[in-house]
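Values in this text are rule-based calculations from the coordinates and carry no lab data. Bear in mind that the values here come from a model prediction, so they are computed numbers and not experimental data. Here the Cβ positions follow ideal geometry from the backbone for every residue, glycine too, while neighbour counts run over all protein chains shown.
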Amino acid sequence: MKFLIVDDSTVSRGKIINVFKSVFDDIEYLEAADGEEALTYIDLYGSEIDLMTLDWHMPKKNGMEVLETLKKQNIKLAIIMLTTEQQKDEVVRAILMGASNYVVKPFDAVSLTEKAEKLLKEKGKVVKRKFKGKPGESEEKKD
């Protein structure tokens, strides 16, 4: 499975990847620092990308511009918008443009992984989990 993590902050990309790595097995991570780089990865890998996390505010092309480009090209991906935007109309606009779901920053690890897992299952993907617990729990605490 491939996840594309798009955020202009190296620290944020690292945190997102670490959260996913704490729960999911067998994921290849691609990282993009802006919308243009994300679109390059999408051109290269297309439907091989199983999930994309997409920051809203970035240089070059922001998250909404990426969604607009994907919509124009009729490219459908499972996309979780990560944003500081909490205004309902902005979130609705992102969903209408093609975002599958959203998480408000600073994000909660449990919410992020649950939303990712739900989207992957909707796509018919088998998600390999390291254990049945939540992010940050040790394997001994499962069940």
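Please determine whether any residue of the stretch 37-56 is in contact with a helix residue (DSSP H, G or I) (Cβ under 7 Å, 6 or more places away or on another chain), among the charged types (D, E, K, R) and within 16 Å of A116 (Cβ to Cβ).
So far as the stretch 37-56 goes, yes, one or more of its residues are in contact with a helix residue (DSSP H, G or I) (Cβ under 7 Å, 6 or more places away or on another chain), among the charged types (D, E, K, R) and within 16 Å of A116 (Cβ to Cβ).
Looking for whichever is closer than 18 Å to I95 by Cα and either surrounded by 15 or more Cβ atoms within 10 Å (Cβ to Cβ) or out of contact with any His (no Cβ under 8 Å at 6 or more places or on another chain) (or both) here; the options are V11, V6, V23, V19. Which one fits?
Being closer than 18 Å to I95 by Cα and either surrounded by 15 or more Cβ atoms within 10 Å (Cβ to Cβ) or out of contact with any His (no Cβ under 8 Å at 6 or more places or on another chain) (or both) holds for just one of V11, V6, V23, V19, which is V6.
Suppose we keep only residues that are loosely packed, with under 14 Cβ neighbours inside 10 Å and free of Cβ contacts under 8 Å to residues at least 60 places away in the same chain within the stretch 26-44. Which one would you say is nearest to R129 (Cα to Cα)?
Step one: filter the stretch 26-44 for residues loosely packed, with under 14 Cβ neighbours inside 10 Å, giving 26, 28, 40, 43-44.
The next check asks that each one be free of Cβ contacts under 8 Å to residues at least 60 places away in the same chain; those that pass are 28, 40, 43-44.
Numbers: E28: 14, T40: 29, D43: 28, L44: 27 Å.
Restricting to residues being loosely packed, with under 14 Cβ neighbours inside 10 Å and free of Cβ contacts under 8 Å to residues at least 60 places away in the same chain, the top hit is E28.
T84 versus (1) surrounded by 12 or more Cβ atoms within 10 Å (Cβ to Cβ); (2) in contact with a His (Cβ under 9 Å, 6 or more places away or on another chain): which is the lone unmet condition?
Of everything listed in (1) surrounded by 12 or more Cβ atoms within 10 Å (Cβ to Cβ); (2) in contact with a His (Cβ under 9 Å, 6 or more places away or on another chain), T84 misses just condition (1).
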